[in-house]
Amino acid sequence: MKISFEFFPPRTDQGKQTLTQVRKELSAIDPEYFSVTFGAGGSTQDATLETVLNIQQNDGIPAAPHLSCIGSEKSKIIELLDQYKTAGINRIVALRGDIPSGVRDIGDFHHANELVEFIKTQYNDHFHIEVAAYPEMHPQAKNITTDLEHFVNKVKAGASGAITQYFYNADAYFRFRDEAEKAGVNIPITPGIMPITNYTQLVRFSTMCGAEIPKWILERLKLYENDLDSLAEFGTEVVANLCQTLKNQGVDGFHFYSMNRAQPSLNIAKNLK
Ligand code: FAD
């Protein structure tokens, strides 16, 4: 069973200390890699590099930086990838990203497939390239068919694997996986798993990224909004069951959106292993 965990780059000293401890706890189950998100448009980019190098040098777990291309120039991408290559990093999560409001210049890339193609041209097979996949459709896509075609384009451009946006409906994943397979995709499509720990935050994220929270889950989260123990217990049960359903249908890898917390990802992941 392959398990990976995703972090966002902390910016405060307290956040850095917390993440160091979280990484230590998560390392105990020997994850395949730790990935670190990257802010399109510049705000957290140095923090991503710092966190990635710290993981790579200290954790004994491979680090995989996310890299978004919107608003960026080819020379900047090369500068960063050269630093990663020198540091011994060989896995990248390649994304378009979202252009921050107020930024007019979209730069040298329009979509993630162009970034994947560029990395392949510049570095051949040095980097294992993961791309994003959307079982419930990317929110800006025209329709589900064109969205799948665009996903297939990223695979044809050279992606070695895909990580999905989070979802709570296993059928959405199975349908996407089947349709991708029919379209000739034969790379692993790893489910992205978002633990449920906070009602307001989850609703906000889900609205932004177009992930559906089924009504039967949402109603209970509302009920437990101010009862964090019950919410955590319910959320862990829901997500653990989702993972088990996926595992029963042949899924052998999971990517956890840890939100820089060890629990509840760790308990769920431990059981899967
Ligand atoms: P693309 O694959 O380029 O797709 C974006 C949209 O454009 C889709 O609607 C697609 O259908 C459409 N499209 C693609 N190609 C074409 C074309 N040729 N013509 C017309 N339309 C096209 N964001 C960050 O800023 N930092 C991160 O670290 C980060 N990490 C993520 C990790 C994962 C696993 C996931 C699932 C998402 C992550 N995101 C991150 C969010 C991501 O950047 C956004 O969802 C973004 O809007 C799309 O990125 P993409 O790489 O999927 O883009």
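Determine the sum of side-chain charges near residue 32: Lys and Arg each +1, Asp and Glu each -1, restricted to other residues whose C-beta is under 13 angstrom from that of residue 32. Before the final figure, lay out each step's value.
Working: positive: 2, 91, 273; negative: 6, 30, 59, 130, 252.
Its environment carries a net charge of -2.
Separation of the alpha carbons by more than 28 angstrom is noted, of 2/142; 16/247; 16/270, for 2/142; 16/247. Computed from the C-beta positions of residue 144 and residue 29, the FRET efficiency with R₀ = 51 Å rounds to 0.90.
Can you check what the net charge comes to around residue 3, using other residues whose Cβ is under 14 Å from the Cβ of residue 3 (Lys, Arg +1; Asp, Glu -1)?
Working: positive: 2, 23, 247, 270, 273; negative: 6, 25, 30, 32, 252.
Counting the neighbours of residue 3, the net charge comes to 0.
Under a Gaussian network description of the chain, with springs only between Cα atoms under 10 Å, the residue in 248, 153, 198 that fluctuates furthest is 248.
Where both partners of a DSSP beta bridge lie in the chain, what percent of those bridges are antiparallel, to the nearest 5? Mind showing how you got there, number by number?
Details: 0 of 28 bridges.
Around 0 percent antiparallel, to the nearest 5.
Surface composition of the chain: carbon and sulfur make up 46 percent of the accessible area, probe 1.4 Å. Taking 12 Å as the straight-line reach from the Cα of residue 24, the aspartates and glutamates in range (excluding those fewer than 8 positions away in the same chain) are 59.
The Cβ shell under 10 Å around residue 153 holds other residues with a net charge of -1, Lys and Arg each +1, Asp and Glu each -1.
For residue 121 and residue 270 in one chain, what is 0.36 nm times their gap in residues minus the Cα-Cα distance, to one decimal in nm?
Numbers: separation 149, 0.36 × 149 = 53.64 nm, distance 3.84 nm.
So the chain would gain 49.8 nm between residue 121 and residue 270.
Here the simple spin-label model places points 7 Å from the Cα toward Cβ, and for residue 156 and residue 230 these points are separated by 5.2 nm. Taking 0.36 nm per residue of sequence separation and removing the Cα-Cα distance, the residue 223/residue 178 pair yields an extension gain of 12.6 nm. The helix-based estimate of mean residue ellipticity at 222 nm for the chain, built from -39,500 (n - 2.57) per DSSP H run of four or more residues and divided by its residue count, is -15000 deg cm²/dmol to the nearest 500. In this simple spin-label approximation, residue 83 and residue 21 carry label points 7 Å from Cα along the Cα→Cβ vector, and these lie 2.8 nm apart. Close amide H pairs (under 5 Å, H built 1.01 Å from N) link residue 167 with 194, residues at least 5 positions away or on another chain.
If the chain linking residue 104 and residue 237 were pulled fully straight, counting 0.36 nm for each residue of separation and taking away their Cα-Cα distance, it would gain 43.5 nm.
The values are calculated or read from the model by the stated rules, or taken from the named source; none is laboratory data. In this text, all values refer to a predicted model and were calculated from it rather than measured experimentally. Neighbour counts run over all protein chains shown; Cβ positions are idealised from the backbone, glycine included. Note: accessible area is taken over every heavy atom of the protein model, side chains too, but ligands, DNA and RNA are not part of it. Shrake-Rupley method; radii C 1.70, N 1.55, O 1.52, S 1.80 Å.
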